[in-house]
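Scroll down for the structure; my scribbles are underneath it.
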Amino acid sequence: MKTVVVIGGGASGMAAALTAAEKKENTVILLERQSRVGRKLLATGNGRCNLTNTGAAIKNYHGESVSFAQKALDAFSPAEAISWFRALGLVTVEQYGGRVFPLSDSAGSVLDVLRFALDAAGVDVRPGEPATRLLSRGGRLSVVTEKASYRADAVIVACGGKAGGKLGGVTDGYELLTSLGHHCTPLYPALVPIKTDTDYPRSLKGVRAEAALKLFRGDELLKETRGELQFTEKGVSGPAAFDLSREAAVKGGELVLDLLPCLSEEETISMLRRRQKLSPELENGSVFAGLLHSRLGMVVVRASGVRPSDNIGGLSGRDLAVLAQTAKAFRLRVMGTDSFDNAQVTAGGIRTEEFNPDTLESRLVPGVFACGEVLDLDGDCGGYNLQWAWASGRLAGRLGI
Ligand SMILES: Cc1cc2nc3c(=O)[nH]c(=O)nc-3n(C[C@H](O)[C@H](O)[C@H](O)COP(=O)(O)OP(=O)(O)OC[C@H]3O[C@@H](n4cnc5c(N)ncnc54)[C@H](O)[C@@H]3O)c2cc1C
């Protein structure tokens, strides 16, 4: 009989506990800090839970030693995640970009099937009981809470990261593991709104656009992406901004937005000419009518130096070219990112080289395993982080067997 203590009842911890409980000789205790398991899971995907991505591959992940994740991801592919959930009674649907959601469109369904499975498997779930210490003495492991001290043959640390503070993101996992001699890399918020320096986003608050984004540091292109962008009071948000947020948090730089990615510069000029022909009496502020959100169009006109209150009919060929260039290379200086509270994941974490990638067992303290976001591994926006949580939870839950 083996006692397995899983610390953290989030995505990876529930997957690990269920896997460990598949071996009938294991007694599995799942400690959860909050009053219920899976609180963060309920908030994922805007309440819809984008639980995996059919295209998930190592290129979608980041960390100091990203190849570490290969074994876990190979051992539990997105297809296997979908079948595993189906076996638990959850039907899923694939949507744009390989994103997979529950058919019910509700994260609650994902949590329900996991909770019911934990019950059925006889996992001893203990909500409201945070682990405060993890001890290894003379080869014996114990986990201490305010209520009890548990002797364990194996401990799986699945405490998640610092992101999403209001949903339970804490630093406990880093502290428990560093207390045993593990090391933590610097931590940054990722998949988080980017703060920019200009007044424009404030006047654009709430405006959405389909844009192509490039992040530069000097002349160096750090990363580029394309997708939905949302302007906020402090900068930019939405999936496209999230994609660049990891680099923006670590390296800063300047964002260059192509607000009309489906038109070339020449095509943009020709559409502006058409507007000039159709509505010469309108003010310049409306020259992007039919191309951009009206507030965004006005901001681009201002940024290009053209007087918004003059008539479109008076714009020169050069003016039209400058307007088109501004819309296709709209610049915003990065001033940092929003805080961990508003981030979806933590970039950085416990050094992966201190764990065996085949088993996720600590190389420093035998019997201690780690999975999920507590490790220095984070994924892109689109279901990749939960895929890592399930895959690493499944591998850790096998306890090296
Ligand atoms: C708003 C939001 C939306 C997101 N949307 C998506 C999405 O759609 N798709 C996607 O792939 N990813 C998404 N993510 C990221 C994803 O939720 C995380 O990467 C994933 O939940 C990490 O799983 P985990 O098990 O490592 O950590 P968590 O799910 O955070 O679970 C960790 C658990 O450990 C508990 N805990 C912490 N310390 C202790 C302790 N000392 N003792 C006991 N318990 C403890 C916590 O309370 C928590 O329940 C989103 C994140 C946020 C914040």
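The values are calculated or read from the model by the stated rules, or taken from the named source; none is laboratory data. Model, not experiment: these values are computed from the prediction. Here the Cβ positions follow ideal geometry from the backbone for every residue, glycine too, while neighbour counts run over all protein chains shown.
Some observations on this one:
- Region 139-171, subset surrounded by 15 or more Cβ atoms within 10 Å (Cβ to Cβ) and at positive phi, residue farthest from the chain's Cα centre (by Cα): 168
- Counting only strands (runs of 3 or more DSSP E) wholly contained in region 330-401, the ones carrying 3 or more residues that are more than 30 Å from residue 210 (Cα to Cα) and more than 8 Å from the ligand (Cβ to nearest atom) occupy 368-370.
- Taken together, the residues in region 155-191 that are of a type in the set (Val, Ile, Thr), assigned to a loop (DSSP other than H, G, I, E, B) and more than 6 Å from the ligand (Cβ to nearest atom) amount to 2.
- Test result for residue 154, touching an Asp or Glu at 6+ places or on another chain (Cβ under 9 Å) and either at pLDDT 95 or above or of a type in the set (Gly, Ala, Ser) (or both): yes
- Filtered residues of region 224-259 (kept if over 17 Å from the mean Cα position of the chain (by Cα) and outside any strand (DSSP E or B)): 232, 233, 234, 251, 252, 253, 259
- Pairs with Cβ under 9 Å, 6+ apart, first in region 386-401 and closer than 18 Å to residue 56 by Cβ, second acidic (Asp, Glu) and within 12 Å of the ligand (Cβ to nearest atom): 388/373; 388/378; 389/373
- Of the candidates 11, 72, the single residue that is buried (at least 18 other Cβ atoms within 10 Å of the Cβ), near the ligand (Cβ under 8 Å from one of its atoms), among the hydrophobic types (A, V, I, L, M, F, W, C) and under 23 Å from residue 377 (Cα atoms) is 11.
Results for (1) part of a helix (DSSP H, G or I); (2) under 42 Å from the mean Cα position of the chain (by Cα); (3) crowded, with 18+ Cβ neighbours inside 10 Å, shown as yes or no for each residue.
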| position | (1), (2), (3) |
| --- | --- |
| 261 | no, yes, no |
| 270 | yes, yes, no |
| 277 | yes, no, no |
| 289 | no, yes, no |
| 292 | no, yes, yes |
| 299 | yes, yes, yes |
| 308 | no, yes, no |
| 325 | yes, yes, no |
